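Here's the structure we're looking at; comments come further down.
The values are calculated or read from the model by the stated rules, or taken from the named source; none is laboratory data. Because the structure is a prediction, the values reported are computed rather than measured. Positions of Cβ are generated from backbone atoms using ideal geometry, with glycine treated the same way; all protein chains shown enter the neighbour counts. Accessible surface areas use protein heavy atoms only, side chains included; no ligands, DNA or RNA. Shrake-Rupley method; radii C 1.70, N 1.55, O 1.52, S 1.80 Å.
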Amino acid sequence: MKYSCVIVDDEPPSRRLLSDYVSKVDGLQLDGVCNNGLEARKFLDQNSVDILILDIRMPLMTGIDLLKGLAEQPVTILCTAYEEYAVKGYELNVIDYLVKPVPFDRFKKAIDKAIEYLEVFRVPTEKLQPKDYFFIKTDTRIVKFMFSEISAIEAQGEYVKIIAANKKVMSLVSLTNIANVLPDDFVRVHRSYIINMRHIDEVKANEVIIGKEIYPISRNYRSTFFDKLDGMKLL
């Protein structure tokens with residue numbers, strides 16, 4: 001499978017180097033090269049792209065402003081000469097942050113990370129549902145989880161914590177994205193919590209109890225949760 005990418009950078013030498021790097025990566029195809037943020041926004045409005053390789057300081061529109069204005073953000077790798085934007089980049093859910101000059105092995109590592117993410121979260125949901133497991137990436141490793149072993153998933157800032165009986169794992173991914181690959185046993189009960197219905201021990205007025213953990217049921221998700229509970233042949 002080929003993953004499409006676009007390079008956005010106002011410096012010709014950088015565009016040439018990154019284009020050469022892309023040509024050396026199996027499974028990656030270069031669909032576009034843009035000189036600035038405005039040109040990139042027009043391109044992205046008209047084309048679906050898997051991976052965005054993006055400079056930050058550019059005339060007309062910065063890379064940060066481009067990301068903020070996108071309705072649907074590709075998996076993004078920031079590539080810049082300025083280290084001070086790293087925190088801001090991760091606030092915008094970029095997958096990696098490269099500081100120029102970028103050696104090929106570091107570029108390849110960032111692309112591998114982006115493709116791993118795409119393979120987990122961009123595969124159509126109907127293809128994932130028959131499986132009884134999935135893989136999640138942490139900072140240093142990739143961990144396999146059986147859906148059945150997960151009791152809850154908790155948002156913690158830009159990370160999520162996946163909770164199972166024998167392990168807890170943190171991953172840099174949004175709760176909404178991970179919800180897209182979960183089977184029907186899972187339901188969101190709060191802005192910060194998804195629980196596995198099969199692990200529920202008790203339900204009180206506004207709380208779900210799983211083992212020793214208590215998860216609040218917020219008003220926005222209450223109706224959906226209790227409808228699902230009723231559908232499980234509540235006697």
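Some values worked out for this structure:
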quantity: Among Thr76, Thr140, Thr224, residue whose mean-square fluctuation peaks in a GNM of the chain (springs only between Cα atoms under 10 Å); calculated: Thr140
quantity: DSSP beta bridges in the chain [antiparallel fraction, %, rounded to 5]; calculated: 60 percent
quantity: Rounded percent of accessible protein surface that carbon and sulfur make up, the stretch 139-229, 1.4 Å probe; calculated: 44 percent
quantity: Mean Cα-pair separation over length for the stretch 1-108, i.e. relative contact order, pairs under 8 Å, 6 or more apart, %; calculated: 24 percent
quantity: Nearest-10 value in Å² for the accessible area of Asp132, using the 1.4 Å probe; calculated: 90 Å²
quantity: Distance violations [Cα-Cα > 25 Å] among Lys108/Lys144; Lys144/Lys204; Lys2/Lys42; Lys113/Lys144; Lys113/Lys161; Lys2/Lys168; calculated: Lys144/Lys204; Lys2/Lys168
quantity: Amide hydrogen neighbours beyond the local backbone of Asp185, cut-off 5 Å, H modeled; calculated: none
quantity: Rough spin-label spacing in nm, given labels placed 7 Å along Cα→Cβ, for Gln29 and Asp65; calculated: 3.3 nm
